[in-house]
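Notes follow the structure.
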Amino acid sequence: MANTHPRWKLAKKILTGLFFVAVIVLLVIYARKVNWDDVYKVIVNYNRFVVLTAAALVIVSYLVYGCYDLIGRAYCGHKLAKRQVMLVSFICYAFNLTLSTWVGGVAMRYRLYSRLGLDSATITRIFSLSIATNWLGYILLAGVIFSAGLVPIPGGWFIGETTLRLIGAALLVLVVFYLWACAFSKRRRWKVKGQTLQLPSLRMALFQFAVSCANWLVMGTIIWLLLGRDAGYPMVLGVLLISSIAGVIIHIPAGIGVLEAVFVALLGGENLSHGTIIAALLAYRVLYFILPLLLALVLYLGLESRAKHMRHKNEQKLQKS
């Protein structure tokens, strides 16, 4: 063991260096895809009250998202301070939105939580519950909106209104099944690739739905406000839900181009010009993606510099408890 220990330390340093390089490369790629002249024009010319209201809702959304990892804290029973959990959650969410789930959701979570003292099994459970929480709210809202036919589908699109209604109904069935399983399933644990995953209680499942739905609703409200409230809110939310799943399927970091294409196809018409939609979505990207990412980058570097000290304090607290 004594001979392998220095090699392991060297390997960790190399992997850490590669991780930093990968993050920097992805940030540069993303920055090159952004039209910064348009970003500046949108910031300068947009209605200030609308922008401030939307910015406040962005803060609300990120705080609500932080509750996902707080649910994970209760689910796993780990003792990291809530403020540390919220900090990690914010950083991971900002990177996740911009650079992909694998960087922000997976790699960044493993990196930061392990630096703060959590083992890989616990981190896997936190990540799994966070992903599940996010999509549970999506499934419920999409089920209601799609099955109710609140999103008008243009002729010749790749999916028809009837098909979308059937998808919505199927999603609602999934919601009922999940709640039933959490309440009544006798089997509560599964082994997946050596990791133990456990069904949450019904109470925790309901809380998952509540916070996730709240986050998606706030995101929809931000875009609705930036569009000048010229389209119905349920319609805007429905289009956001469709564009989100399209972005996941196509797998482009930050969904660049996908969000705009879906919104223009489904909302472009008499009430909303293409220019209005593009301007609103650009403002949305600035407020919800770019500014939080810049803050997350600063916080990430600060957390990396203090992680060893924070881990030591966490271990001392565990020894005393």
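Observations, loosely collected:
- Residue satisfying all of: in region 161-204; touching a residue at least 60 places away in the same chain (Cβ under 8 Å) and out of contact with any Lys or Arg (no Cβ under 6 Å at 6 or more places or on another chain); nearest to residue 237 (Cα to Cα) among these: 204
- Residue in region 183-198 that is surrounded by 11 or more Cβ atoms within 10 Å (Cβ to Cβ) and assigned to a helix (DSSP H, G or I) present: yes
To keep it simple, each residue is scored yes or no on (1) farther than 14 Å from residue 287 by Cα; (2) basic (Lys, Arg); (3) out of contact with any Leu (no Cβ under 9 Å at 6 or more places or on another chain); (4) at pLDDT below 95.
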residue	(1), (2), (3), (4)
27	yes, no, no, yes
43	no, no, yes, yes
46	no, no, no, yes
51	no, no, no, yes
54	no, no, no, no
57	no, no, no, no
66	yes, no, no, no
71	yes, no, no, no
78	yes, no, no, yes
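- Meets criteria (surrounded by 19 or more Cβ atoms within 10 Å (Cβ to Cβ) and either in contact with a strand residue (DSSP E or B) (Cβ under 8 Å, 6 or more places away or on another chain) or charged (D, E, K, R) (or both)) for residue 111: yes
- Every residue from region 79-103 that is buried (at least 23 other Cβ atoms within 10 Å of the Cβ) and either of a type in the set (D, E, K, R) or closer than 15 Å to residue 298 by Cα (or both): 88, 89, 91, 92, 93, 94, 95
- Condition met for residue 149 (out of contact with any Gly (no Cβ under 9 Å at 6 or more places or on another chain) and not in a helix (DSSP H, G or I)): no
The values are calculated or read from the model by the stated rules, or taken from the named source; none is laboratory data. Keep in mind the model is a prediction, meaning the values are calculated, not measured. Cβ: placed from backbone, ideal geometry, glycine included. Neighbour counts: every protein chain shown.
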